[in-house]
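Bear in mind these aren't lab numbers, they're just calculated from the coordinates by the rules spelled out. All of these numbers come straight from a predicted model, not from anything done at the bench. Here Cβ is always computed from backbone atoms with ideal geometry, including for glycine, and neighbour counts include all displayed protein chains.
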Amino acid sequence: MLARTFALVALTLAAPAFADDPPAPSAPSAPSAMPALEAPPPVVVAPEMVIDAPPPLRTGPPPAVVRTGLVERPAPEVEAPRAAATPERVSFEVFARRQHVGDGNFALFSDNAALGLGGIAVRAPVYSEGPWTLSAQASIEGHEALVGAARGAKLSVDLSRAVGRAELAYAIYPQLSALGAAGFGGEVADFRYVGSNAEEGHLKTWSSFGELAAGLDAHVRLGSVLVGARFEGGFVAAAAHDLKATLPDVGDVVRQPIDFGTLSFNGAFSRFALHLGF
């Protein structure tokens, strides 16, 4: 009894000292089927700190300044048109023609069938489009004193021609052109007969003729002057001339014409010319 009383007093005196201590954990209870859920710890989010990064280092040229306003651009330079080359207005030509004559009576005047003629011409363009040029040409040519002999007499014939022709040229290169031409004109033959007694008679006849030609023209421009040469080949077709001579009458005797037949200057020809254009 005394012992209990002493223990009770001792606990009473010691109670204030243990007033602030947490209560002692209770004895664990019997284990349950499901464990107790523990609350997750709170998540503390720290505020973001914004730090201004330094601008990147530039190693190239500074960027171009782009202006949003309207910028007036200078007007483009307009190149003045080049002056066109002065076209050829007129061309003067000196030429030589060598023609084959197929008429058998030509043997009265020549030992071969070749007839040579020389002449001059003037040509002017009438139309030009790109490489094509159409020109008109007028020329005169002739051959004097084709001399032969027959029946003991001296024979001679002079031939002259006037030709107008159209010419179409195509410029293959600036210095070379191909051409084709067609011409029409007339020729005059003056036939003379001189007998053994110095009796003389003559007859002048006229006939028409035409020609076709094709060739090449090479030329070069020297300032305002065009210098060139051309070669052509073609064919001439002409009407025949009468080879007759009327001798003067002797007293009351009427002399009859002396007839040597006809002569036509038909045949192929070649033509070479030098020309100067302005």
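Below, the figures for the structure above:
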read-out	value
Members of the range 267-278 that are within 22 Å of ALA113 (Cβ to Cβ) and surrounded by fewer than 19 Cβ atoms within 10 Å (Cβ to Cβ)	GLY267, ALA268, SER270, PHE272
The range 212-233, residues that are of a type outside the set (A, V, I, L, M, F, W, C) and touching a Lys or Arg at 6+ places or on another chain (Cβ under 7 Å)	GLY215, ASP217, GLU232
